Structure formats: structure tokens, C-alpha cells
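The values are calculated or read from the model by the stated rules, or taken from the named source; none is laboratory data. In this text, all values refer to a predicted model and were calculated from it rather than measured experimentally. Cβ placement follows ideal geometry from the backbone for every residue including glycine, while neighbour counts extend to all protein chains displayed.
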Amino acid sequence: MCWWRAIMHKIDKEWWHMKKILFAEDDPVVRVVTSQMLERLGYEVTSSEDGDAALSVFLCDPHRFDLVLTDQNMPRLSGIELADRITKANPGIPVILYSGFDLQREIPRSIDGFIMKPFTQKDLGELLGRIVASKTMR
């Protein structure tokens, strides 16, 4: 059995309802590769080229997405700024931040999880699973 299927089998059936991810990344190569990872993990992905574009997409329908994944360092609107604005519009949505820099000490309450770049599909899948499981247990 593939490792990501094993992860999904461990998580409550609520996992399957958590499928739509808004993904913000300014680097086109990273955006494509990470989108493919997310799709292989079973998510429907809407990707945006920066935080400002992601916020515009999100605000059109704040309850369309089940989770937000964002890079920290982007032009116009950082990942933390994006998370703050998104959680004001929909306080219950989980937001995962990633960066090539260690930001563990700087992460505000609007962020539910953090992962360092570069990350593997397995690491991303495990983090998503933990975040989803913690949100569905509340």
C-alpha cells in the first residue's frame, strides 16, 4: 500500500470532506510541483501566483475552500498577512505556512501548521493529515 493511502486510512472519514485547497506560491515551478503533490494526496487544488491573488480568489467565496497552503515570502502580500486576512473572513479555516527559512518562533495564531522547504510529499501529507484531524475533532 502506498504510504499516503496508509495515512488516509488512519484519518477519520471527515478527511474525505476536506478536499479543496487554496494554494499560494509565487515561484511557478514550486507551484506546479506542489500542486501535483496535493493532487496525488487527493485534494482539489486552486493555485494562485501570490498572496494578493489568493486573497481575491478566497474572498469571492470564503467557504469554498477547506484549507489554505501558502508560502511566506511572496510579493505584495506575505503568507502571514494572507493568513490573517483569510482567517478574518473565515475564522475556522486551517492555514498552513511554509518557507525556506525557519519561522517557528514568528508564527501567529492564524497559522495552524508550518513546514520547511524543501519538503516531501510524505511530509506534506502527514502535516495535512494532522491539521485536518485536529480541526475535525474540535
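List pairs: first in region 56-81 and under 16 Å from ASP112 (Cβ atoms), second of a type in the set (Gly, Ala, Ser), Cβ under 6 Å, 6+ apart or cross-chain?
So the pair list comes out as THR70/ALA24; THR70/GLY79; ASP71/GLY79; GLN72/SER78; GLN72/GLY79; GLN72/SER99.
Across region 1-49, what is the number of residues that are more than 20 Å from ALA83 (Cα to Cα), among the aliphatic types (A, V, I, L, M) and at pLDDT below 95?
Filtering region 1-49 for residues more than 20 Å from ALA83 (Cα to Cα) gives 1-17, 28-29, 32-33, 36-37, 39-42.
Then drop every residue that is not among the aliphatic types (A, V, I, L, M), which leaves 1, 6-8, 11, 29, 32-33, 37, 41.
So of that shortlist, the ones also at pLDDT below 95 come out as 1, 6-8, 11, 41.
Total satisfying the criteria: 6.
Quick one: in region 58-81, of everything that is hydrophobic (A, V, I, L, M, F, W, C) and under 22 Å from SER99 (Cα atoms), which residue is surrounded by the most Cβ atoms within 10 Å (Cβ to Cβ)?
Here is the first cut: in region 58-81, the ones hydrophobic (A, V, I, L, M, F, W, C) are 58-60, 65, 67-69, 74, 77, 80.
Subset that is under 22 Å from SER99 (Cα atoms): 58, 65, 67-69, 74, 77, 80.
Working: PHE58: 23, PHE65: 24, LEU67: 22, VAL68: 26, LEU69: 29, MET74: 22, LEU77: 18, ILE80: 20.
Among residues in region 58-81 that are hydrophobic (A, V, I, L, M, F, W, C) and under 22 Å from SER99 (Cα atoms), the one surrounded by the most Cβ atoms within 10 Å (Cβ to Cβ) is LEU69.
Could you list, in sequence order, all residues of region 79-115 that are small (Gly, Ala, Ser), touching a Ser or Thr at 6+ places or on another chain (Cβ under 7 Å) and over 21 Å from ASP27 (Cβ atoms)? Step through it out loud before you land on a result.
To start, the set of residues in region 79-115 that are small (Gly, Ala, Ser) comprises 79, 83, 89, 92, 99-100, 110, 113.
Then keep just the ones that are touching a Ser or Thr at 6+ places or on another chain (Cβ under 7 Å); that gives 79, 83, 110.
Scanning region 79-115 gives a single hit, SER110.
Would you call VAL132 in a helix (DSSP H, G or I) and surrounded by 18 or more Cβ atoms within 10 Å (Cβ to Cβ)?
So VAL132 passes the test.
Being within 18 Å of ASP52 (Cβ to Cβ), in a helix (DSSP H, G or I) and not polar (S, T, N, Q) is the filter here; which residues of region 72-121 pass it?
Of everything in region 72-121, those that are within 18 Å of ASP52 (Cβ to Cβ), in a helix (DSSP H, G or I) and not polar (S, T, N, Q) turn out to be GLY79, ILE80, GLU81, LEU82, ALA83, ASP84, ARG85, ILE86, LYS88, ALA89.
Being in contact with a Lys or Arg (Cβ under 8 Å, 6 or more places away or on another chain) and outside any strand (DSSP E or B) is the filter here; which residues of region 31-50 pass it?
GLY42, TYR43, GLU49, ASP50
From the list ILE115, ILE96, which residue is under 15 Å from PHE23 (Cβ atoms), within 14 Å of the chain's Cα centre (by Cα), among the hydrophobic types (A, V, I, L, M, F, W, C) and surrounded by fewer than 18 Cβ atoms within 10 Å (Cβ to Cβ)? Don't jump to the end; show me each part of the working.
Values: ILE96 fails: surrounded by fewer than 18 Cβ atoms within 10 Å (Cβ to Cβ).
Exactly one residue qualifies, and that residue is ILE115.
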